[in-house]
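The values are calculated or read from the model by the stated rules, or taken from the named source; none is laboratory data. These numbers were taken from a predicted model, which means no experiment stands behind them. Note: ideal-geometry Cβ built from the backbone for every residue, glycine included; neighbour counts use all protein chains shown. Only protein heavy atoms, including side chains, enter the accessible area calculation; ligands, DNA and RNA are left aside. Shrake-Rupley method; radii C 1.70, N 1.55, O 1.52, S 1.80 Å.
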Amino acid sequence: MSANKIRSALCTLLAVLTAGTCACSIRNNTAPANTADAAFYTSAPAVSQLPSPAASAPTDTPEPTQEPAPDVKELIDRYVGGMSLEDKLAQLVMFGFGGTEEPDAEFAEIIEEYGVGNIIFVGSNVKKDDGSGGFDAMAGLVEKLNAMNPCGIPRLYSVDVEGGTVQRFKWEPSLPSANKLGTMGAEAAYEQFKLVGERLRSIGINLDLAPVTDVAEDPFSTFLGSRVISSDEQVACEIGTAIINGLHDGGCLSTAKHFPGHGSADGDSHKVTPTVGKTAAELYEYDLVPFRAAIEAGVDCVLAANVLYPALDENDIACLSSKVLDGLLRQELGFDGVVISDDFLMQGMLSQYKPGDAAVKFINSGGDIVLCGASYSVQRSIMEALYEAAENGSLSAERIDLSVHRVLYAKYSLGIWEPEA
């Protein structure tokens with residue numbers, strides 16, 4: 001029997017077992033004991049507002065007792081309970097690949113073997129010379145990827161469009177940088193990102209990895225440069241909120257990055273594992289302020305930094321720290337959306353951890369989607385580690401289901417997927 005057939009049999013068996021557990025939770029109307037997990041079950045959707053049941057009309061005679069219709073989160077719970085392990089784990093990754101007109105052969109194999117529930121596009125995927133600035137070619141690429149989806153659940157397709165040096169496509173006119181928007185004001189930021197959201201959504205991309213909500217006392221002394229909105233944290237709050245609102249009104253999900261703030265790091269996490277030497281009080285009073293504002297504005301995703309913050313966790317980088325992700329972000333700041341890792345190909349990650357071990361640690365620490373660029377060996381090691389951890393219990397069925405639920409709820413909020421009633 002092939003390895004894939006063995007895995008499929010194991011996945012089916014585990015799905016049956018977990019379905020029973022999930023069904024019991026729904027019948028008893030229980031929420032996770034963890035404070036952060038419980039908060040998630042009471043949140044509102046980020047992009048579209050759920051309808052509320054109409055009030056019953058007054059009547060002189062009692063109406064027959066009826067079971068209330070399940071809300072969308074109960075429906076998602078039921079759906080998750082019936083998913084195979086393979087389809088669940090596919091939702092917990094966002095992978096990149098090579099190709100501008102179709103995915104290369106090896107990535108096609110990874111999709112066939114593991115599902116890959118979410119995909120990131122980078123500059124090398126954009127064919128800017130196609131006469132449309134890359135938009136038409138990307139629409140065709142998304143269409144081909146949609147046809148290569150063994151799970152059947154629509155994907156999150158993400159890209160970094162920040163303006164300035166990070167635009168990916170050829171925009172006419174060119175998009176001002178975040179730093180420039182900091183001087184232009186909230187209205188300009190809103191209009192720019194409403195346009196970005198509409199344009200991306202029109203070609204099938206539904207998640208912008210923006211805004212950058214890092215602040216820095218001297219932005220241009222850091223590797224982020226013009227990607228930083230402002231050295232003034234209140235300006236960063238105002239412009240960041242406008243960007244989030246613009247993306248939402250344009251039909252796209254938004255992402256605050258790089259939590260809990262890369263602006264004070266002593267290096268570039270693409271090349272090294274940087275450290276932020278600030279005290280916790282200094283982080284709370286400055287670096288965390290725009291992230292708190294982004295959460296209050298309804299940001300959909302938060303991308304965690306491959307940076308060490310000893311004042312918050314002496315041992316692990318933020319991306320892999322339960323103190324930072326579960327403790328600070330979820331429980332203290334109240335974020336109940338999707339937590340995405342920074343790229344697992346960055347040296348800020350690879351210099352400290354093995355990718356497979358890091359993937360399991362990230363999910364167990366409160367993360368939801370492991371992001372990894374176009375290294376197929378690393379992507380395979382991530383998937384194999386997640387399978388092994390799920391099968392040996394070091395990554396629990398309950399923890400997997402919670403992250404799958406968050407990802408599916410984000411897709412529901414976009415209007416690209418609905419759970420079956």
**Study point:** Leading residue by the ranking (nearest to the chain's Cα centre (by Cα)) among those in the stretch 114-136 that are polar (S, T, N, Q) and surrounded by 22 or more Cβ atoms within 10 Å (Cβ to Cβ)
**Key:** ASN118
Review point. Which one is farthest from THR255 (Cα to Cα), of the residues in the stretch 157-178 that are among the β-branched types (Val, Ile, Thr) and surrounded by fewer than 21 Cβ atoms within 10 Å (Cβ to Cβ)?
Key: THR165
Review point. Going through the stretch 205-248 one residue at a time, which ones are among the charged types (D, E, K, R), in contact with a Gly (Cβ under 9 Å, 6 or more places away or on another chain) and within 21 Å of PHE335 (Cα to Cα)?
Key: ASP208, ASP214, GLU238
Review point. So GLU420 clears everything in (1) part of a loop (DSSP other than H, G, I, E, B); (2) at pLDDT 95 or above; (3) acidic (Asp, Glu) except one condition, right? Which one?
Key: (2)
Exercise for review: Could you please let me know if LEU145 is open to solvent by less than 10 Å² (accessible area, probe 1.4 Å), among the hydrophobic types (A, V, I, L, M, F, W, C) and either in contact with a strand residue (DSSP E or B) (Cβ under 8 Å, 6 or more places away or on another chain) or more than 15 Å from LEU207 (Cα to Cα) (or both)?
Suggested key: yes
Study note, to complete from the structure: Of the residues in the stretch 293-306, those that are under 16 Å from the mean Cα position of the chain (by Cα) and either part of a helix (DSSP H, G or I) or within 17 Å of ARG399 (Cβ to Cβ) (or both) come to ALA294, ILE295, ALA304
Practice item. Examine the stretch 200-213 for a residue that is surrounded by fewer than 23 Cβ atoms within 10 Å (Cβ to Cβ) and either modelled with pLDDT under 95 or outside any loop (DSSP other than H, G, I, E, B) (or both), and state whether such a residue exists. Key: yes
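So that you can scan it fast, the table gives a plain yes or no per residue for (1) in a loop (DSSP other than H, G, I, E, B); (2) over 12 Å from the mean Cα position of the chain (by Cα); (3) closer than 23 Å to ILE317 by Cβ:
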site	(1), (2), (3)
TYR353	yes, yes, yes
VAL370	no, no, yes
MET383	no, yes, yes
ALA389	no, yes, yes
LEU395	yes, yes, yes
Revision key, fill the gap. Those residues of the stretch 98-116 which are of a type outside the set (D, E, K, R) and assigned to a loop (DSSP other than H, G, I, E, B) amount to GLY98, GLY99, THR100, PRO103, GLY115, VAL116
Check your understanding: How do the pairs read when you match residues in the stretch 325-347 that are closer than 19 Å to PRO274 by Cβ and without any contact (Cβ under 8 Å) to a residue 60 or more places away in the chain with residues anywhere that are open to solvent by 30 Å² or more (accessible area, probe 1.4 Å) and outside any loop (DSSP other than H, G, I, E, B), using Cβ under 8 Å and keeping only pairs 6 or more apart or on different chains?
Key -> PHE344/LEU350
Revision key, fill the gap. Residue set GLY246, GLY251; condition more than 15 Å from VAL289 (Cβ to Cβ) and surrounded by 24 or more Cβ atoms within 10 Å (Cβ to Cβ); output residue GLY246
Review point. Any idea which residue in the stretch 377-395 is farthest from ASN364 (Cα to Cα), counting only those that are open to solvent by less than 40 Å² (accessible area, probe 1.4 Å) and not aliphatic (A, V, I, L, M)?
Key: GLN379
Study note, to complete from the structure: Filter the stretch 176-191 for residues that are assigned to a helix (DSSP H, G or I) and not aliphatic (A, V, I, L, M); the one that is farthest from GLU217 (Cα to Cα) is GLU191
Practice item. Only residues that are within 20 Å of the chain's Cα centre (by Cα) and surrounded by fewer than 23 Cβ atoms within 10 Å (Cβ to Cβ): list them for the stretch 179-198, please. Key: LYS194, GLU198
Check your understanding: Would the stretch 307-325 turn up any residue that is under 20 Å from HIS262 (Cα atoms) and in a strand (DSSP E or B)?
Key -> yes
Exercise for review: Search the stretch 298-309 for residues that are more than 30 Å from ASP249 (Cβ to Cβ) and pair each with any residue that is open to solvent by 10 Å² or more (accessible area, probe 1.4 Å) and not in a loop (DSSP other than H, G, I, E, B) when their beta-carbon atoms are under 7 Å apart and the residues are at least 6 apart or on different chains.
Suggested key: LEU308/THR275
Review point. Out of the residues in the stretch 254-270 that are over 23 Å from the mean Cα position of the chain (by Cα) and over 14 Å from VAL228 (Cβ atoms), which is least open to solvent (accessible area, probe 1.4 Å)?
Key: GLY267
Check your understanding: Could you list, in sequence order, the residues of the stretch 166-178 that are under 24 Å from the mean Cα position of the chain (by Cα) and of a type outside the set (A, V, I, L, M)?
Key -> GLN167, ARG168, PHE169, SER177
Practice item. Taking only the stretch 326-344 into account, find how many residues are outside any helix (DSSP H, G or I) and open to solvent by 10 Å² or more (accessible area, probe 1.4 Å). Key: 6
Check your understanding: Tell me, which residue of the stretch 276-289 that is among the β-branched types (Val, Ile, Thr) and closer than 14 Å to ALA216 by Cα is least open to solvent (accessible area, probe 1.4 Å)?
Key -> VAL276
Practice item. Check off (1) surrounded by fewer than 23 Cβ atoms within 10 Å (Cβ to Cβ); (2) touching a strand residue (DSSP E or B) at 6+ places or on another chain (Cβ under 6 Å) for GLY82 and give me the number that stays unchecked. Key: (2)
